[in-house]
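The structure appears right after this line, and notes come after that.
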Amino acid sequence: MGFMKRYRTIWCTYTLVSLSALTAIYLILSRFLAINIGGFGRVQLGVIARIMAGIWFGPFAGAICGLVSDLLGCLIQGYAVNPLITFAAILWGMIPALFVPPQYAVADTSTQISRKKNILMLCAGTITACVVCTLVVTTAALVWFNGYNLYAILPTRLVQLLLQTPVYCLLVCLLYYSPVTIQINRALQVHTGRSVS
């Protein structure tokens, strides 16, 4: 099975409205539920909306949600767009979705083995996204574009990584096994006339 077929996004009105809602949720959560760590780090729950957009609707949809939410966030806050931070936003929506193959896209609770495998894959994708986006790409953006010293900000970035990773893994798994996932899969089946998994 090819990459495009395996990780396809079902584009319909339901998908577009859902991605718009997840983008709005990101903007709200990132502004009101964010904890600043020093001057260089921030743990925010809005990233969960980007991750779930990718898991629920596919990596390309997650990437679009990340891109749009970052551009709108820059517009609302009055920041200039930092290309590397925008790239990190795109990766937040894409990386975790690549770790959840379509055969596991439906939250199957029928067997303990499949549930454990799903949780491991969800956590692996979330941890990979945390390391790549927080520690590598965003830190590089702060060093290259903002002129921060790498060794001065690295301890704060590590603390941010250690704080956000378990929280994100827990929230992603809880949302994946919530009724929302089942509802999204049913809605996409109705719009396409076939199973999305």
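The values are calculated or read from the model by the stated rules, or taken from the named source; none is laboratory data. Everything numeric here is computed off the predicted structure, so don't read it as measured data. Glycine also receives a Cβ, built like all others from the backbone with ideal geometry; neighbour counts cover every protein chain displayed.
Quick notes
- Selection within the range 132-144 - within 13 Å of the chain's Cα centre (by Cα) and among the aliphatic types (A, V, I, L, M): Val132
- Here is the figure for the range 38-88: residues that are farther than 21 Å from Phe99 by Cβ and small (Gly, Ala, Ser) total 6.
- The number of residues in the range 137-150 that are among the aliphatic types (A, V, I, L, M), surrounded by 15 or more Cβ atoms within 10 Å (Cβ to Cβ) and free of Cβ contacts under 8 Å to residues at least 40 places away in the same chain comes to 1.
- Among the residues of the range 113-136, just one is touching a Cys at 6+ places or on another chain (Cβ under 8 Å), under 21 Å from Ile37 (Cα atoms) and buried (at least 19 other Cβ atoms within 10 Å of the Cβ), namely Thr126.
- Filter result for Ala34 (at pLDDT 95 or above and within 17 Å of the chain's Cα centre (by Cα)): no
- When we screen Ala97, Ala129 for residues that are modelled with pLDDT of 95 or more, within 22 Å of the chain's Cα centre (by Cα) and of a type in the set (A, V, I, L, M), the only hit is Ala129.
- Condition check for Val81: at pLDDT 90 or above, aliphatic (A, V, I, L, M), closer than 26 Å to Val17 by Cβ and outside any helix (DSSP H, G or I): yes
- Count - residues of the range 31-52 that are of a type in the set (Lys, Arg) and assigned to a helix (DSSP H, G or I): 2
- Within the range 32-79, being under 18 Å from Gln164 (Cβ atoms) and of a type in the set (S, T, N, Q) holds for Asn36, Gln44, Ser69.
- Pairs with Cβ under 7 Å, 6+ apart, first in the range 16-45 and within 22 Å of Thr181 (Cβ to Cβ), second at pLDDT 75 or above and among the hydroxyl-bearing types (Ser, Thr, Tyr): Thr23/Ser69; Tyr26/Ser69
- Only one of the listed residues (Ile55, Ile64, Ile28) is under 18 Å from the mean Cα position of the chain (by Cα), in a helix (DSSP H, G or I) and modelled with pLDDT of 95 or more. That residue is Ile64.
- When the range 4-25 is limited to residues that are hydrophobic (A, V, I, L, M, F, W, C) and assigned to a helix (DSSP H, G or I), the one that is modelled with the lowest pLDDT turns out to be Met4.
- Qualifying residue in the range 174-184 (condition: under 17 Å from Met121 (Cβ atoms), in a helix (DSSP H, G or I) and hydrophobic (A, V, I, L, M, F, W, C)): yes
- Residue in the range 185-197 that is within 24 Å of Ile64 (Cβ to Cβ), part of a helix (DSSP H, G or I), at pLDDT 85 or above and among the polar types (S, T, N, Q) present: no
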